[in-house]
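None of the figures in this text is laboratory data; all of them are computed from the coordinates on show. For clarity, every value in this text was computed on a predicted model and none was experimentally measured.
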Amino acid sequence: MQDLPHNSGRQLSPDDIEMLQRVFDATCFAARVPRRGERANRLAKFIMDEFRIGNGSERALLECALWRERRRLPPRTPEAETVDIWVARPGQRGQQPR
């Protein structure tokens with residue numbers, strides 16, 4: 001077992017380590033994060049910090065990590081920032097605004 005940083009009083013079991021690795025791997029894959037480098041180090045620290053403060057659910061950790069990484073991504077194209085009102089309000093096409 002390995003001790004968690006910052007004197008949390010909790011040790012990592014082999015199952016914890018495997019789960020944290022799965023969350024890290026899945027986040028890297030889904031958000032296209034290189035597995036080595038500063039961004040990966042920050043992601044790993046984020047996941048460990050979340051786990052240390054009590055977020056022990058694999059699913060919740062994955063959702064948090066994906067949210068963190070996806071909000072960092074710039075839009076792929078300028079059109080990604082534009083909302084087409086006709087898509088947002090189907091069935092209204094052709095009607096003039098009042």
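For Asp25 and Arg71, the difference between the fully extended length at 0.36 nm per residue and the C-alpha to C-alpha distance is 14.8 nm. Maximal additional length on extending the Arg52-Arg32 stretch stands at 4.7 nm, based on 0.36 nm per residue less the C-alpha distance.
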